[in-house]
Amino acid sequence: MNAKYGTYITTVIAIFSIISAVYVYAYYEGQIADMRSTISGLQNDIANLQSELYKYRNLTLVDDRGYVLNLTSYPNRIVSLAPSNTEILFAVGAGDRVVGVTNYCNYPYNFSAWVEAGNMTSVGDYWNPNMEAIVAVNPDLIFAAFAQEEVVNTLRGMGYKVLVLDPDNIDDILKDIVLVGRATNKDIEAGILVNSLRQRIDAVVKKIADATSSPKVYYEVWYDPIWSVGSESWENELIEKAGGINIFADQNLNYFMPSSEAIIERNPDVMIFPLGHGAEPPFWGSFDQVKARPGWDMISAVQNDRLYTIDADIIARPGPRIVDALEILAQIIHPELY
């Protein structure tokens with residue numbers, strides 16, 4: 001009898017303990033639910049406050065011409081007046097807000113097809129964009145570029161917000177990518193992109209450090225008349241980082257017109273010619289025509305058949321693909337390292 005009574009008591013205590021545990025669990029579960037509800041409410045309050053603060057935010061940006069622009073909201077309708085700007089905008093992830101591009105914008109998509117389909121607006125050519133087309137898309141931010149001062153002044157006079165991207169070197173190009181990221185609320189994406197580009201640049205520089213020579217390089221920007229690059233161009237910097245020596249590095253200019261005689265005298269080991277610039281066939285003709293230029297048969301690059309081409313878009317546009325150009329130039333100038 002005592003044993004049965006003891007078992008009964010033990011069972012009752014166990015049941016009571018379970019019931020108590022259930023009540024305690026329910027109590028604390030209720031407390032946790034209340035806490036979760038409170039946290040959720042606070043999170044909503046914070047989000048609402050951030051939304052209110054956002055209305056009064058003031059983002060100050062300085063473009064490559066030193067112009068100070070204050071943004072109180074991020075742009076939703078962007079116009080790009082240069083192919084390089086378009087490439088940067090899409091590279092940082094702001095391409096979905098681009099509503100207008102030039103006729104020359106062809107990367108990363110075939111925008112002419114977009115324009116024909118009515119999904120994008122063409123604002124005309126680079127040098128003389130169509131003002132009516134720009135006004136029609138009602139942009140809240142416009143990215144302009146080199147040699148568009150008159151257009152920029154006109155647009156600003158009309159009340160439009162305009163940033164000018166006109167970099168002088170590779171570091172400036174990377175800074176412009178960051179600037180575009182800040183202006184479009186794509187700071188993180190721009191930072192990741194710039195970090196990746198810097199790593200690729202460093203990789204080329206590290207590989208080129210093993211080179212035992214520094215070939216002399218001639219880069220032709222245009223022909224008849226001849227145009228080449230001086231020390232102030234990013235092409236000169238690309239050539240140097242790729243392990244070469246620009247034969248006109250002593251010219252403190254971006255671009256200039258050297259004589260054919262000067263090219264022959266400086267005797268480049270490597271000659272590079274762009275494909276593109278809207279010229280078909282290439283403005284320089286063919287390699288046979290280049291070799292047939294008066295006196296050029298005396299040039300080392302011609303004698304050793306070291307004439308090469310490069311996509312004009314990637315080397316002439318100050319955008320993310322400038323690093324593609326660097327990698328290609330390194331392989332051209334130092335094929336023994338690749």
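Derivation of every value follows stated rules applied to the coordinates shown; laboratory data play no part. From a predicted model like this one, the values you see are computed outputs, not experimental measurements. Cβ: placed from backbone, ideal geometry, glycine included. Neighbour counts: every protein chain shown.
For the reader, a short list of remarks on this structure follows.
- Across the stretch 60-67, computed HN-Hα scalar couplings (Karplus, 6.51 cos²θ - 1.76 cosθ + 1.60, θ = phi - 60°) run 9, 10, 10, 8, 6, 9, x, 6 Hz from first to last residue, x flagging Gly and Pro.
- Residue (of Gly244, Phe256, Tyr223) at the positive-pole extreme of the stretch 161-284, dipole from beta-carbon charges: Gly244
- Reducing the stretch 251-312 and the stretch 152-217 to their Cα centroids gives an inter-centroid distance of 27 Å.
- Around Glu149: net Lys/Arg minus Asp/Glu count, Cβ-Cβ under 11 Å: 0
- For the stretch 59-196, alpha-carbon Rg over 2.2 N^0.38 Å: 0.96
- Relative to the Cα centre, the charge distribution of the stretch 59-196, modelled as +1 at Lys and Arg Cβ and -1 at Asp and Glu Cβ, gives a dipole magnitude of about 400 debye.
- Unit charges on C-beta of K, R, D, E only; dipole of the stretch 123-222, Debye: 420 debye
- Dipole magnitude (debye, nearest 20) for the stretch 211-337, charges at Cβ of Lys, Arg, Asp, Glu: 60 debye
- Those aspartates and glutamates that a straight Cα-Cα span of less than 13 Å connects to Lys175, excepting residues fewer than 8 apart in one chain: Asp63, Asp64, Asp166, Asp187
- The stretch 211-337: C-alpha gyration tensor shape, a/c 1.5 cut-off, then a/b vs b/c: rounded
- Within the shell of other residues whose beta carbon sits under 11 angstrom from the beta carbon of Leu329, the net charge comes to -4, with Lys and Arg scored +1 and Asp and Glu -1.
- Other residues whose C-beta falls under 14 angstrom from the C-beta of Asn246 contribute a net charge of -4, scoring Lys and Arg +1 and Asp and Glu -1.
- Using θ = phi - 60° in the Karplus curve 6.51 cos²θ - 1.76 cosθ + 1.60, the 3J(HN,Hα) couplings for the stretch 241-251 round to 5, 7, x, x, 10, 5, 5, 10, 5, 7, 8 Hz; x is entered for Gly and Pro.
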